[in-house]
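Okay, so here's the structure we're looking at.
The values are calculated or read from the model by the stated rules, or taken from the named source; none is laboratory data. These figures come from a predicted structure and were not determined experimentally. Virtual Cβ from ideal backbone geometry, glycine too; neighbours counted across all protein chains shown. The accessibility values were calculated without ligands, DNA or RNA, using every heavy atom of the protein model including side chains. Shrake-Rupley method; radii C 1.70, N 1.55, O 1.52, S 1.80 Å.
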Amino acid sequence: MNPLLFIFLQATAPTPEEIEAKRDSIRAGARMMIETAKNDPHTFWQEVGESMLQFGIKVLAALLLFVIGMLLIRWVKNILARVFARRKTEPTIASFVSSFVSISMTILLVVITISTLGVNTTSLAALLAAGGMAIGMALSGTVQNFAGGIMLLAFKPFKAGDFIEAQGTSGKVIEVNITATKILTVDNRVVILPNGALSNGVINNFNGRPLRRVEWNVSVSYGVDAAKCKAAILTIVNSEPRVLQADTDMKKLYKELNISAYQLSTVNYRMDAIPAPFVALKSLNENDITFVVRVWVRANDYWDVFFALQERFYTELPPQGFTFAYPHMDVTMLNNE
């Protein structure tokens, strides 16, 4: 047994002296009832009738209280459901909160109903507390995942449909529940990540913003005309219709992407203008020179544009005289004869 649970049970359990005192009290009461029934049967049965009547009234009151309490719980659940529907709350959060409130109120109602019958609920409360402590200790990992799920659902670092990278796994989020998150990888595997570790780790959300910047490093041989090479790269980039230009109508773009006013008001979400496609000489290497190319696209077009333009750089630049370099060594042979 867990040491903490053992100490708690020891503190709440009755002592042998208390148990013996209760037994003596019960024996004394039983003897008194027998003596009364022998000496004064009329008074005995009158007291029994009054006791039964009082107990019956308590039973009726307890039943009435229980029925009213169940109706109240149902009313509270309906109120919560309407509030969650009006605010478009995450279904998982709505279901959890509704269940938690219902279970808590039901337990409280049962305790109140039992106390209405005149039963001492102190021992029942201690038993419930001990049971809750034991379950909490046994399910400590699950409780951590549960708390992590609450954090993810409350702060929403990602949502279903986003492509994320976390805990060494990358893929599309297909489900977020209260204890785990399901990821569909690019090779069609389903990976289940516990929310406890997920909420405490680094999460890279590739769909966290509606617009993204794409970057390439294009390396060509020494001796090319840098200005003409930059112009050729810009021509290829600007001919791609999915590349966003500096004159893009941002209001029309955000309306097309169905971005809400709330999202546009958050930090680092809104862009008032798109930077123009950018090409610059980045570095002078041992065997080649490298141009950096940067453009902005819709987040959903990122990989399609990346691969399409990378292929066009490879196929369209060499015919224009901008050849790609490769590691090589020039060897000069000297004839001393």
Have a look at 261, 299, 273, 280 and point out the one that is closer than 30 Å to residue 157 by Cβ, open to solvent by less than 30 Å² (accessible area, probe 1.4 Å) and among the small types (Gly, Ala, Ser). 299
Pairs, first under 13 Å from residue 151 (Cβ atoms) in the range 171-185, second at pLDDT below 90 and assigned to a loop (DSSP other than H, G, I, E, B), C-beta under 7 Å, six or more apart: 176/160
Residue match in the range 307-321 (condition: of a type in the set (Lys, Arg) and open to solvent by less than 90 Å² (accessible area, probe 1.4 Å)): yes
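Yes/no per residue for (1) part of a strand (DSSP E or B); (2) open to solvent by 60 Å² or more (accessible area, probe 1.4 Å); (3) within 16 Å of residue 158 (Cβ to Cβ):
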{"residue": "172", "(1), (2), (3)": "yes, yes, yes"}
{"residue": "178", "(1), (2), (3)": "no, no, yes"}
{"residue": "182", "(1), (2), (3)": "yes, yes, yes"}
{"residue": "207", "(1), (2), (3)": "no, no, yes"}
{"residue": "223", "(1), (2), (3)": "no, yes, no"}
{"residue": "236", "(1), (2), (3)": "no, no, no"}
{"residue": "248", "(1), (2), (3)": "no, no, no"}
{"residue": "255", "(1), (2), (3)": "no, yes, no"}
Qualifying residues in the range 184-200 (those that are farther than 16 Å from residue 162 by Cβ and not in a strand (DSSP E or B)) - the one nearest to the chain's Cα centre (by Cα): 196
Quick one: is residue 304 open to solvent by 60 Å² or more (accessible area, probe 1.4 Å) and within 15 Å of residue 240 (Cα to Cα)? yes
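Working carefully through the options 141, 149, find the one that is open to solvent by less than 30 Å² (accessible area, probe 1.4 Å) and either modelled with pLDDT under 75 or not polar (S, T, N, Q) (or both).
Unique residue meeting the criteria: 149.
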Going by the structure shown, is residue 80 surrounded by 15 or more Cβ atoms within 10 Å (Cβ to Cβ), in a helix (DSSP H, G or I) and modelled with pLDDT of 85 or more? yes
Return the residues of the range 152-170 that are surrounded by fewer than 16 Cβ atoms within 10 Å (Cβ to Cβ), touching a residue at least 12 places away in the same chain (Cβ under 8 Å), at negative phi and not in a strand (DSSP E or B); say none if nothing qualifies. 154, 157, 159, 160
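For residues that are assigned to a strand (DSSP E or B) and closer than 16 Å to residue 234 by Cβ, scanning just the range 265-289, find the one that is farthest from the chain's Cα centre (by Cα). Outline the logic, then answer.
In the first step, residues of the range 265-289 are kept if they are assigned to a strand (DSSP E or B); the result is 278-284, 289.
Next, from what is left, pick out any that are closer than 16 Å to residue 234 by Cβ: 278-282.
Details: 278: 38, 279: 40, 280: 42, 281: 43, 282: 41 Å.
Here the answer is 281.
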Candidates 68, 57, 112 - the one that is surrounded by 12 or more Cβ atoms within 10 Å (Cβ to Cβ), at pLDDT 65 or above and over 27 Å from the mean Cα position of the chain (by Cα): 112
May I ask you to list the residues in the range 184-197 that are crowded, with 17+ Cβ neighbours inside 10 Å and small (Gly, Ala, Ser)? 196
